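Trainee: Structure below; questions to follow.
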Amino acid sequence: MKKNFQISRRKVLGAVFFDRLSGLWALAIIIGALVIFMPRFAIPNSVTIAILAVGTISYLYVLRLFFKQFLKNFITTHFKALCVQGFQTLAAIFILYSMNFDGKFSPYLLIFMVSSLVAIVPSIGGAIGLRETVIFTLATYLKLDQHIAVTISLIFYIISLLVASSGVYYIFRPQRLGG
């Protein structure tokens, strides 16, 4: 982007960081919603909502302080971030249905989304192995079937890998991107 659009490295890194922050915010909102639907944690809904509200306000403060240039697109960006994380949650639901799972979905969705926090950190291989370790540990802690929990993650990873692999075409034919 720096080379093609004459944008400073600082702005490019800021945009990437902002993208990660918006994804983290969306994950926190969805995780908070899942915690509300899990009475086994015995966390009052008011506490969860208050934490999400304080987190969002703090996040807005950090944005205003360090990323003013991104504030004008705040609503659009965060709506898209919620959609992306929502579709990830929906994909996990469909994977559970495809496995003929008939138990409670929310604990599995919760650990799947918490494991997505690991995938936010850039790493080689899309955090394969790290996500599964987090999922296995949380499934054990919550007394869930570890095999089902890890299988959800692996199937999601394979689907993501197959879809992302379609972009290989543009590595060899960048002119097709229209740039």
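Trainee: Taking the Cα atoms only, what angle lies between the long axis of helix 130-141 and the longest principal axis of the chain, rounded to 10 degrees?
Mentor: Once rounded, one gets 20 degrees.
Trainee: Packing-wise, with mean Cβ within 10 Å as the measure, how do 10-23, 60-73 rank, highest first?
Mentor: Answer by packing, highest mean first, reads 10-23, 60-73.
Trainee: Quick one: Cα centre-to-centre distance for segment 20-80 and segment 156-173, in angstrom?
Mentor: Each part reduced to its Cα centre gives a spacing of 30 Å.
Trainee: OK, next. May I ask you to evaluate 6.51 cos²θ - 1.76 cosθ + 1.60, the Karplus curve with θ = phi - 60°, for each residue of segment 35-41 and list the ³J(HN,Hα) values in order in whole Hz, giving x for glycine and proline?
Mentor: Values per residue, Gly and Pro as x: 4, 4, 8, 10, x, 5, 6 Hz.
Trainee: Which value, in Å³ per residue, describes the convex hull spanned by the Cα atoms of the chain?
Mentor: Values: hull volume 24.9 nm³, N = 179.
Cα convex hull per residue, to the nearest whole number: 139 Å³.
Trainee: Now, a different point. Using helices alone, I'd like the mean residue ellipticity at 222 nm for the chain: each DSSP H run of four-plus residues gives -39500 (n - 2.57), total over residue count, nearest 500.
Mentor: -24500 deg cm²/dmol
Trainee: Name the residue, out of Ser58, Ser106, Ser116, whose mean-square fluctuation peaks in a Gaussian network model built on the chain with Cα pairs under 10 Å.
Mentor: The residue that fluctuates most here is Ser58.
Trainee: Continuing with the same structure: If you plug each phi of segment 86-95 into the Karplus form 6.51 cos²θ - 1.76 cosθ + 1.60 with θ = phi - 60°, what whole-Hz ³J(HN,Hα) values come out, in order, with x for Gly and Pro?
Mentor: Those phi angles translate into x, 5, 5, 5, 4, 4, 5, 5, 5, 5 Hz.
Trainee: I would also like to ask the following. List the aspartates and glutamates whose Cα sits under 18 Å from the Cα of Lys72, skipping any in the same chain fewer than 8 residues away.
Mentor: Asp19
Trainee: What does the charge add up to near Leu96, with Lys and Arg as +1, Asp and Glu as -1, over the other residues with Cβ less than 15 Å from its Cβ?
Mentor: -1
Trainee: Based on Cβ point charges of +1 for Lys and Arg and -1 for Asp and Glu, what charge dipole magnitude is obtained for the chain about its Cα centre, in debye rounded to the nearest 20? Walk me through the numbers before you get to the answer.
Mentor: On the way: 16 positive and 4 negative charges, 205 e Å.
Computed charge dipole of the chain: roughly 980 debye.
Trainee: Put a dot 7 Å past each Cα toward the Cβ at Arg64 and Leu13; how far apart are the dots in nm?
Mentor: Between Leu13 and Arg64, the simple spin-label model gives 2.6 nm.
Trainee: Looking at Phe70, Val134, Phe105, which one has the Cα that reaches farthest to the positive end of the dipole of the chain (charges on Cβ: Lys, Arg +1; Asp, Glu -1)?
Mentor: The Cα lying farthest towards the positive end belongs to Phe70.
Here, each number is a calculation from the coordinates, and none is a lab measurement. Please read these numbers as outputs of a predicted model, since none were measured by experiment. In this analysis, Cβ positions are derived from the backbone assuming ideal geometry, glycine residues included, and neighbour counts consider all displayed protein chains.
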